[in-house]
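Since the structure comes first, as structure tokens, the remarks are kept for the end.
The values are calculated or read from the model by the stated rules, or taken from the named source; none is laboratory data. Since we're looking at a predicted model, the values are computed, not measured. Note that each Cβ is placed from the backbone with ideal geometry, even for glycine, and that neighbours are counted across all protein chains shown. Note: accessible area is taken over every heavy atom of the protein model, side chains too, but ligands, DNA and RNA are not part of it. Shrake-Rupley method; radii C 1.70, N 1.55, O 1.52, S 1.80 Å.
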Amino acid sequence: MYNNNKEEKNNKNDVIAAISTPIGRGAVSCIRISGEGSKEIVIKLTEPKKEFVHAKMLSCIFNGRIKDKIMAVIFENGKSYTGEESAELYFHGGKFLTEQALLSVLDAGARLAEAGEFTRRAFLNGKIDLTQAEGISDLIDGDNLEAVENAFEQSEGKTKKAINEIYDKLLEVAARAEVSIDYPEEDIEEQTRAELIEGINSVKTDVQKEIKGYYGGRIKREGVKVAITGKTNAGKSTLFNSLLQSERAIVSDEEGTTRDTIEEKMIYKGCAFVLTDTAGIRETENKVEKMGIERSKTAMKEADLILRVINDEKECPDFLDETALLVINSFQPVEEAKQTVVLKNGNSAVVLNAKTGDGINALKEELYNRGKKMSAGGGCINNPRQYAALKECESDLIRATEAAQTLTLDCVCSDLYKSLDALGRITGKNTGEAVVNEIFSRFCVGK
């Protein structure tokens, strides 16, 4: 049916095909085909066989017997998602029909595409860079409004544009330094050295601006990490369940019921919050509970926001920093007018009854407001791979600035080229194959 030979499978010039819609009963199924010869494969399946371009309704025979009326769309070389000659077949949805259609396409000369291979080809053919590929992946995986909006901007080239502008600016700085090395007889080194330091610092400022924006970008992409903390039996798990509107955590009057962290995502007004229910912090001899308390402390360190759950105003700590929000979990009904209070020490708190749900919406509003503030000013860098490369670039630029003050220009250029290499890894100008493989392995087959 199709060749499983690894050498053939890795041939970038062969025709690949995959189902691009969920398998199951539906109105329409789609098979995507890419590579030189895609149009010929479609022609082989049609009856009668006719030459055509662009889109056309055709009669089609799958597996030599199964007939269906399909829509075939042809993309000429350079005008498709992958940048290659491509085709897409749309036909009536159904598990059996879709499987037979794919088998027929493979029998006609295509091979089954690997996960992410269509998008990988788009990258290799220069249609997109790595940041756009990551944006497409995030667009598919996005489960809230902010994440999808952020992913779409990245897929459209926002990150690519920002990084390329910094790259070109840095390349010009490096080129001017090279001139001084290549033409020492012109006696322009001292003048260039002062300009060089100014140029490096200007690029460094641009890089640091993007680094600073990573936090907000990460919040949009992943959501606000919220740790629900407090003493045992404060009502943390009840609050966790109430926020999720689901009995996710076990609730009991027995102290120390929660012995491990539990994590779930909540979407509110298009923003994501990753809620973590933690074990109550207390002295204990129980080994399992001790492990849970240690995990609770780790969750608190990693959280963007900590919900400190208490049961009475008297338990209010003297100081709360901006990463903490005080929640007074009352065991009595809470009137709407009294769900947000300012305590004597100046801290604001949300008063609620986690069991009845009184005040839960007030807490969600406060979470939303704080989340929007955290994501405000978010830059185009939003994932750890991009962030790590930017930090490396920053370190190289700092060394280049120091070298420019005392060392020879060839030492300065060495650091500048390292920083260029780090920037290039973000967009894929010089990224290793292992990184490329890892990125595209996250995609599903058919994308």
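Go through the range 203-219 residue by residue and turn each phi into a ³J(HN,Hα) via Karplus (6.51, -1.76, 1.60, θ = phi - 60°); whole Hz please, and just put x for glycine and proline.
Each residue of the range 203-219 in turn: 5, 4, 4, 5, 5, 5, 5, 5, 4, 4, x, 4, 4, x, x, 5, 4 Hz.
Residue by residue through the range 350-359, what is 3J(HN,Hα) from phi via Karplus (6.51 cos²θ - 1.76 cosθ + 1.60, θ = phi - 60°)? Round to whole Hz and write x for glycine and proline.
3J(HN,Hα) across the range 350-359, in whole Hz: 9, 9, 8, 10, 4, 6, 8, x, 4, x.
Among the listed pairs Lys269/Lys364; Lys127/Lys220; Lys127/Lys447, which have their C-alpha atoms separated by more than 19 angstrom in this model?
Lys127/Lys220
On the protein heavy atoms, probe 1.4 angstrom, tell me the percent of accessible surface of the range 64-151 carried by carbon and sulfur.
Here carbon and sulfur together make up 55 percent of the probe-accessible area.
With every protein chain left in place and a probe of 1.4 Å, what is the accessible surface of Ile166, to the nearest 10 Å²?
10
Got a sec? What order do Lys372, Lys44 fall in by accessible area at 1.4 Å, biggest, i.e. largest, first?
Lys44, Lys372
Test of understanding: in a Gaussian network model of the chain with alpha carbons linked when under 10 Å, which of Ala227, Ala110, Ala27 would top the mean-square fluctuation ranking?
Ala27
Taking a 1.4 Å probe, which of Val203, Val179 shows the most accessible area, and what order do the others take after it?
Sorted descending by solvent-accessible area, the residues read Val179, Val203.
Hull surface divided by four, with the convex hull built on the Cα atoms of the range 64-183: how many nm²?
11.7
Looking at the range 330-447, what % of the alpha carbon pairs are farther apart than 26 Å?
Roughly 56 percent, rounded to a whole number.
How big is Rg to Rh over the chain, alpha-carbon atoms, Rh as the Kirkwood inverse-mean-distance radius?
1.10
Quick one: which residues, 5+ away or cross-chain, put their amide H under 5 Å from the amide H of Asn77? H built at 1.01 Å from N.
Distant-sequence amide H within range of Asn77: Glu85.
Taking a 1.4 Å probe, which of Met57, Met266, Met300, Met374 shows the most accessible area, and what order do the others take after it?
Per-residue accessible area, sorted high to low, gives Met57, Met300, Met374, Met266.
Let me have the 222 nm mean residue ellipticity of the chain computed from DSSP H runs of 4+ only, each contributing -39500 (n - 2.57), with the sum over all residues rounded to the nearest 500.
Mean residue ellipticity at 222 nm (helix-derived): -15000 deg cm²/dmol.
Would you work out the charge dipole size for the chain about its Cα centre, treating the Cβ of every Lys and Arg as +1 and the Cβ of every Asp and Glu as -1, and quote it to the nearest 20 debye?
The dipole of the chain has a size of about 1980 debye.
Given contacts defined as C-alpha pairs under 8 Å and at least six residues apart, what's the relative contact order of the chain, whole-number percent?
This gives 17 percent for the chain.
Bins of 10 Å, beginning at zero and ending with the bin holding the largest distance: percent of Cα pairs per bin for the range 137-181, please.
Final binned percentages: 26, 29, 20, 15, 9, 1.
Using a simple charge model, +1 on the beta-carbon of Lys and Arg, -1 on the beta-carbon of Asp and Glu, nothing else, what dipole does the range 54-97 show about its Cα centre, in debye to the nearest 20?
Once rounded to the nearest 20, the dipole reads 320 debye.
Could you order the peptides 410-416, 267-273 from most to least packed, using the average number of other C-beta atoms within 10 Å per residue?
The peptides rank, most packed first, as 410-416, 267-273.
Spelling out what I want: for every residue of the range 170-176, take phi, set θ = phi - 60°, compute 6.51 cos²θ - 1.76 cosθ + 1.60 (Karplus), and round to whole Hz; glycine and proline get x.
5, 4, 5, 4, 5, 5, 5
Would you mind putting 123-136, 149-162 in packing order, based on average other-beta-carbon counts within 10 Å, highest first?
The packing order, highest mean first, is 123-136, 149-162.
Give the long-range amide H neighbours of Leu326: residues separated by 5 or more places, or on another chain, with amide H under 5 Å away, using H modelled in the peptide plane at 1.01 Å from N.
Arg308, Val350
Using mean Cβ contacts within 10 Å as the protection proxy, how do 348-359, 82-93 order, highest first?
Result, highest mean Cβ count within 10 Å first: 82-93, 348-359.
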